[in-house]
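> Provided herewith is a single structure, encoded as structure tokens, for subsequent inquiry.
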Amino acid sequence: MTQRPGETQLPHLFQPVTWAGFAVKNRVKYGACCVSNYNTRDGFITERELARTKVIAGTGCGIITNQGAYPDPLGEGKAYFSQVALFDDKFIPQFEKIAGYIHDGGGIAIQQILHAGRYGGIDLGYCIQPSVVPQTLPHFRPPREITKEQIRETIEQHAEAAKRAIKAGFDGTEITSFMGYLLATFNSKFTNRRTDEYGGSIANRGRFMRELIYAIKAATGGAHPLVVRLNGAELMDRWGGNDEDECYELIQQAAECGADMVSITVGWQEAPDSSIGRDVPPGHWNRLAVRAKQLLPDTPVAFGTRLPDPIMADRCLAEGQFDFWEVCRPLLADPDLVKKAAEARLDEVKRCIGQLNCLSRLFRDLPYTCTMNPALGHEVEPEYQITPAAVRKKIMIVGAGPAGMECAIAATRRGHHVVVYERGERIGGSLLGYAAHDLAHKDDLASVVEYYRVMATKLGIEVRLGTAVDPKMMRSVLHQFDVAVVAAGARVDLQALPAPEEEGLLVEAIDVALGTRQHGRRVVVLGGGKVGLTLAESLKTSGAEVVVVERERRIAGDVMPTWKWRHSAWIEELEIPTMTGCRVTRIAKDGVTVIDGKGRETTLPADTVIAASPARGNQELFAELEWSIDELHGCGDAMVPRGLTQAIHDGYRLGCRL
Amino acid sequence: MDANAEPRAALDIAGWQALLDRHAAIFAGMLPGSRIGLLPEEDFESPSAMMLVWEATGNGIVADYRPFPGFEEAEVDLLFVADGETLGRLHDRANPAPLADLKRKVRRRETLLYVVKPRAALLELGYEEFLDSMGLAFMGACR
């Protein structure tokens, strides 16, 4: 077969290898990083899940790991609201379908058996772990100590579940010690305080894992490999957890008792540090894989934590840092990532930007979705698919921000003729400004804008920059379009604030973010939501004195749940004063006067006052366009200002149905 | 209370009580019998460890020292494990925002907060204001 151009450019990633007797077409392993929550409450797989799995099976990965199934009928191992189960033969037929999809796609099929331990028992009101060590996160359930008899039973349940997976057609299985699941709680000193043969020394703490490996290997036979996921760093050592040396002793134990691959992961849910968020630079954790590979030269090592870039992965593989690039979230964001890499079309990849929308939703017991991929989880619904338009239309889209560009791309792919009008001089809308101020990793958000630029060029979408749409302009294009989409974003509702007593004192956040307005040394930001905080953090970092004023009692009210702590931590680290529960009463040359809930008045000196909230959708055009065009729609912040995820999803969905 | 049983660097009860009285509003919703424990980190593994307990009585919240018999018998709803310096700052009457300090330490995981009772039970016991003020609504999960 002829090599595709990207396969030559990334020769290590696309190198066929043999693993555990299986011919693997490349060195990419789809990791079971997230449970989808798409299934039934009692563990059965839904059509929604099967449709998603078909997409995963088609990603082109050499090895595909299906999401974790809990192995016990009681559900002590069940961590997620609608996690799949494998504690009974009745589940086998659906797993057969998934194994079939993976094989049809040319992948090696691995089924993960996931007993969540400390994070399990979602329907029970308790969880089991080696010792009673209470939770440190209020989301989870109080622990009960697992008895020796239950240990034996649990090991047997894992082995039986693994046997079912093989019976269903999977080639191998995986167990996971990731982030505090049952296996991790035995391995770690943080949660294992037992005094019997399963606790104390590292040899004793590793006993459960070794018995688990032996039992699964015995149950599934030598022809079916077992992958063991283990922490290279728990990040819990400050509170009595394992240090890295201990983590590697456990990794060695796993290899010595027959693990066919070790997959190195990072961190516990309860850890103080980020492990996978956008604030972690790509490649940050690679050293953990390097150490594992040095320790275990003869055992295949998979790794991918915060390593979203196939070029970096290829380089790591070339240097022998690990053997398989384990990737999941980047494939949620763009299931065609591997194909695009193979075809040297990496500029068309929608990158995972580490928003962690997926996890935010899981911890609210919702099905996971992805900021970048609105179709994720909706693969079974025609309404979310790009299908040829029944009637080809001429569409004008007002605004080249994420909502407008998503709509434009989807509509163009469906066969419509699309022209985007953008008042500014660049594609990207307000995202362009905020990406430049993102303290986490500017390149991630900037990649979204670049994706739109590339796709507009490749799809031939006409983008008329520097073109405001107003009544006069509309008269000039009268009857030229069938459809208008208002995706003009939002502005701050200045009417909701006191009129400034001096011209130029009050500026809008987006104008500062885009650099069209300058700010003075002393800045007061009105609004402690994501826009205000992003700007405040950035301005403080560049030397300004910044105070944030927020009407609500808490800052970060509109920030994604798994990201709130990040803003709060930055605000603290940067020592940015926040005045919450405060209303602005005056904006004058001597500063901003605010009044708190107890009626106390304070004047904050300011050279510049930045209005970051409340936001109001730019909807003026609706009235202008109503009688000048056949179809009129709106999407994104122009309708309800909510932010990037919703703008992307709104725009895509509208593009799919125009 | 047995004065000899106080932890090393004993911090006087009057100081703790003053802290609780200053911030009574945060604890006002707690039902009688609700208890928050604070354990010095350096005593965590000690069999004779003593913890400070803040207990709601119906007439306000009262500070006292008690033995820490381990998680299962501690009879507290929340348990902070903090180093001596953190406890000292929390106790310091000159500290203008001691609970904000504690919140910051918890967020940074420099102080560990064990949530001994499940969230729903804590809300039943009237911890909503306290949990909210400590920023515990959605802390941590997989980041």
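> Residue farthest toward the positive end of the dipole of the protein assembly as shown, with Cβ of Lys/Arg at +1 and Asp/Glu at -1: which of A:133, B:49, A:56?
The one lying farthest along the dipole's positive direction is A:56.
> Related question: Tell me the per residue accessible area of the stretch B:36-136 using a 1.4 Å probe; a whole number in Å² is fine. Walk me through the numbers before you get to the answer.
Values: 4130 Å² over 101 residues.
Per-residue accessible area for the stretch B:36-136 comes out at 41 Å².
> What's the whole-number percent of alpha carbon pairs in chain A lying beyond 36 angstrom? Write out the running numbers ahead of the final one.
Numbers: 95902 of 216153 pairs.
Tail of the P(r) past 36 Å holds 44 percent of the pairs.
> Still on this structure: Roughly how tilted is helix A:561-573, in degrees to the nearest 10 and between 0 and 90, from the longest Cα axis of chain A?
Compared with the principal axis, the helix lies near 70 degrees.
> Let me ask something else about it. Grab the DSSP H runs of chain A that are 4 residues or longer, score each as -39,500 (n - 2.57), total them, divide by all residues and round the 222 nm result to the nearest 500 deg cm²/dmol. Mind showing how you got there, number by number?
Working: 22 runs with 217 residues, N = 658.
Taking each H run of at least 4 residues, the total per residue is -9500 deg cm²/dmol.
> For the stretch A:108-168, what number results from the quotient of the Cα radius of gyration and 2.2 N^0.38 Å?
Values: Rg = 13.7 Å, N = 61, 2.2 N^0.38 = 10.5 Å.
Rounded to two decimals, the normalised Rg is 1.30.
> Quick check for you: with a 1.4 Å probe and neighbouring chains kept, what is the accessible area per residue of chain A, in Å²?
Working: 24340 Å² over 658 residues.
I get 37 Å² per residue for this part.
> Per residue in the stretch A:127-150, which ones lose no less than 30 Å² of accessible surface when going from chain alone to all protein chains (1.4 Å probe)?
A:132, A:134, A:135, A:136, A:137, A:138, A:142
> Sticking with this structure for a sec: Hey, got the dipole for chain B? About the Cα centre, +1 on K and R Cβ, -1 on D and E Cβ, debye to the nearest 20? Spell out each step's value before the answer.
Details: 15 positive and 23 negative charges, 133 e Å.
The dipole of chain B has a size of about 640 debye.
> Still on this model: Run lengths n ≥ 4 of DSSP H only: what is the helix-derived mean residue ellipticity at 222 nm for chain B, with -39500 (n - 2.57) per run over all residues, to the nearest 500? Kindly include the intermediate steps, with their values, before the conclusion.
Numbers: 6 runs with 44 residues, N = 143.
Counting only the DSSP helices, I get -8000 deg cm²/dmol.
> Once Lys and Arg get +1 and Asp and Glu get -1 on their Cβ, which of A:263, A:276, A:325 lies farthest toward the positive end of the dipole of the stretch A:246-371?
A:276
> Here is a further query. For chains B and A, what's the summed buried accessible area, probe 1.4 Å, to the nearest 100 square angstrom?
Chain pair B/A: roughly 3200 Å² of buried accessible area.
> Using a 1.4 angstrom probe on the protein heavy atoms only, line up B:57, A:541 by accessible area, largest first.
Details: B:57 65, A:541 85 Å².
The ranking, largest first, comes out as A:541, B:57.
> Let me ask another. Tell me, what % of the accessible area of chain A is carbon and sulfur with a 1.4 angstrom probe?
Details: 12050 of 24340 Å².
It is 50 percent, rounded to a whole number.
> Another question about this same structure. What part of the accessible area of the stretch B:1-100, given as a whole %, is carbon or sulfur when the probe is 1.4 angstrom? List each step's numbers first, then the result.
Numbers: 2470 of 4690 Å².
Carbon and sulfur together cover 53 percent of it.
> Here is a follow-up. In whole Å and largest first, what semi-axes does the C-alpha gyration tensor of the stretch A:310-453 yield when each eigenvalue is scaled by 5 and square-rooted?
Sorted largest first and rounded, they come to 28, 20, 17 Å.
> Quick one: compute the contact order of the stretch A:251-393, relative version, from alpha carbon pairs under 8 angstrom and 6+ residues apart, as a percent. Could you put the intermediate results ahead of the total?
Values: 177 pairs, mean separation 24.7, N = 143.
After rounding, I find 17 percent.
> Test of understanding: given chain A, find the longest segment containing no GluC sites (Glu not before Pro) that are in a DSSP loop and have at most 15 other Cβ atoms within 10 Å.
Values: sites that count: A:197, A:319, A:343, A:425, A:501, A:502, A:503, A:552, A:575, A:626.
It works out to A:1-196.
> Could you work out how far the C-alpha centroid of the stretch A:454-480 sits from that of the stretch A:285-342, in angstrom?
Spelled out, the Cα-based centre of one part sits 42 Å from the other.
> Kindly identify residues of the stretch A:267-281 having a loss of at least 40 Å² in accessible area between the isolated chain and the assembly of all protein chains, probe radius 1.4 Å.
A:269, A:272
> Which positions within the stretch A:216-249 get 20 Å² or more of their accessible surface covered by the other protein chains, compared to the chain by itself, with a 1.4 angstrom probe?
Residues of the stretch A:216-249 that lose at least 20 Å² of accessible area once the other chains are added: A:238, A:239.
> Residues with beta-carbon under 11 Å from that of residue A:490, excluding residue A:490: net charge, scoring Lys, Arg +1 and Asp, Glu -1? Mind showing how you got there, number by number?
Numbers: positive: A:491, A:616, A:642; negative: A:493, A:508, A:637.
So the environment of residue A:490 carries a net charge of 0.
> Moving on. How many Å³ per residue does the convex hull of the Cα positions in the stretch B:26-143 occupy?
Values: hull volume 13.2 nm³, N = 118.
Measuring per residue, one finds 112 Å³ for the Cα hull of the stretch B:26-143.
> Quick check: the angle from helix A:530-541's long axis to the longest principal axis of chain A, C-alpha only, nearest 10 degrees?
In chain A, helix A:530-541 runs at an angle near 90 degrees to the longest axis.
> Per the Kirkwood treatment, what hydrodynamic radius in Å, one decimal, follows for the stretch A:1-152 from the mean inverse distance over all distinct Cα pairs? Can you show the working numbers first?
Working: mean 1/r = 0.0582 Å⁻¹.
Evaluated over the stretch A:1-152, this radius sits at 17.2 Å.
> Greater than 27 Å separation of Cα atoms is the criterion. Which listed pairs, A:393/A:472; A:340/A:394; A:25/A:350; A:25/A:163; A:394/A:530; A:54/A:293, meet it?
Working: A:393/A:472 23 Å; A:340/A:394 29 Å; A:25/A:350 24 Å; A:25/A:163 25 Å; A:394/A:530 36 Å; A:54/A:293 32 Å.
With Cα atoms farther than 27 Å apart: A:340/A:394; A:394/A:530; A:54/A:293.
> Return one number: the angle in degrees, 0 to 90 and rounded to the nearest 10, between the long axis of the Cα atoms of helix A:244-256 and the longest principal axis of the Cα atoms of chain A.
50 degrees
> How large is the dipole of chain A about the Cα centre if only Lys and Arg carry +1 and Asp and Glu carry -1, each at its Cβ, rounded to the nearest 20 debye?
520 debye
> Assign unit charges at the C-beta atoms only (+1 for Lys and Arg, -1 for Asp and Glu), then state the dipole size of the stretch B:18-91 relative to its Cα centre in Debye, rounded to the nearest 20.
That gives the stretch B:18-91 a dipole magnitude of about 400 debye.
> Could I ask something else about it? Could you state the number of Å between the C-alpha centres of the stretch A:162-222 and the stretch A:92-144?
Each part reduced to its Cα centre gives a spacing of 13 Å.
> On a straight-distance basis, which aspartates and glutamates could pair with residue A:339 in a cross-link, Cα separation under 13 angstrom, same-chain partners fewer than 8 positions away excluded?
List returned: A:7, A:347, A:348.
> Provide the solvent-accessible area of residue A:158, counting protein heavy atoms only and rolling a 1.4 Å probe, rounded to the nearest 10 Å².
Number for this one is 10 Å².
> Among A:639, A:529, A:568, which residue has its Cα furthest toward the positive end of the charge dipole of the stretch A:505-658, with +1 on Lys/Arg Cβ and -1 on Asp/Glu Cβ?
A:568
> With an 8 Å cut-off on Cα pairs and a minimum separation of 6 or more residues, tell me the relative contact order of the stretch B:20-143 in percent.
26 percent
The values are calculated or read from the model by the stated rules, or taken from the named source; none is laboratory data. As the structure is a prediction and not an experimental result, all values here were calculated from the model. Positions of Cβ are generated from backbone atoms using ideal geometry, with glycine treated the same way; all protein chains shown enter the neighbour counts. Surface areas here come from the heavy atoms of the whole protein model, side chains and all, with no ligands, DNA or RNA. Shrake-Rupley method; radii C 1.70, N 1.55, O 1.52, S 1.80 Å.
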